[in-house]
Amino acid sequence: MLEAIYIMWLRQMKRYARSRARIVGSLAQPLLFLVTFGFGFSSVYRSAGNGSFINYLAPGIVVMTIVFGSVFSGIDVLWDKQFGFLKETLVAPVPRWALMAGRTLGAATVAVIQGLLVLIVTFALGFRPDSWLMLVPALIVMALVAIIFTAFGTAMGARLSDMQGLQLIMNFIVMPVVFLSGALFPLSGLPGVMLTVVRADPLSYGVDALRHVLINAGSFGLVTDFAVLLGFTAALVAAGTYLFSKIEV
């Protein structure tokens with residue numbers, strides 16, 4: 001079992017390592033948001049007495065990077081369906097949940113690495129965590145977010161068979177989830193309806209948890225953040241495993 005998980009994890013890592021264009025492309029949009037929003041609204045944020053907007057924005061951009069990097073793992077499932085690799089994999093004498101686990105962990109690892117690259121860039125732009133020791137729990141938060149959205153992407157890839165349809169659905173779901181998570185704007189002062197929508201967004205708790213551990217600023221409470229993230233991790237991994245086990249190729 002462990003060997004199968006490791007092989008699938010290693011394959012996912014090698015796949016992304018060979019695709020430098022894909023890695024650069026997944027980093028371009030978050031970095032654009034970081035620079036334009038970070039410097040564009042910094043004076044307004046500072047004049048309101050809230051300090052550095054880069055400091056507030058950086059955790060949200062890191063989470064955004066992880067989401068974009070992990071959710072499109074579903075495309076890999078479709079590619080493997082079309083080129084026959086998935087069929088060869090599924091006939092191996094190992095449980096399908098082990099294959100799913102390896103794929104999920106591999107894609108999630110790459111997404112966390114992408115998030116770390118953006119975090120390093122934020123240091124160059126002036127971001128500083130309250131304590132460098134808190135980078136360890138920050139990695140845990142990043143890993144949970146990556147696993148959640150990798151499992152979601154894999155579940156969608158297992159369920160669908162059309163590449164363009166998958167991309168449209170992903171954009172239709174992922175973009176609202178990201179923009180309504182509070183990654184790009186403070187939650188204080190939001191109208192009641194908007195705040196309710198933000199609270200219903202699971203990604204809000206990932207952004208909030210990362211802000212808690214990095215800059216000691218959050219809205220929901222760290223215990224609540226981790227409880228919601230762990231709950232969604234369990235639910236989506238279970239759903240992704242079930243749908244992956246039902247693939248017919």
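Laboratory data are not the source of any read-out in this text; all were calculated from the coordinates shown. Please read all numbers here as calculations on a predicted model, not as lab measurements. No Cβ is skipped: glycine too gets one built from the backbone with ideal geometry, and neighbour counts run over all protein chains shown.
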(request) Mind giving me the nanometre distance, one decimal, between the label points for LEU125 and GLN29, set 7 Å out from Cα along Cα→Cβ? (result) 1.6 nm
(message) Cβ neighbours within 10 Å, averaged per peptide: list 206-218, 170-182, 139-151, 186-198 in order, most packed at the top.
(response) 139-151, 206-218, 170-182, 186-198
(request) Using per-residue counts of other Cβ atoms within 10 Å, averaged over each peptide, order 235-247, 109-121 from highest down. (result) 109-121, 235-247
(request) With label points built 7 Å along Cα→Cβ from the Cα atoms of ILE173 and ALA239, find their separation and express it in nm. (result) 0.6 nm
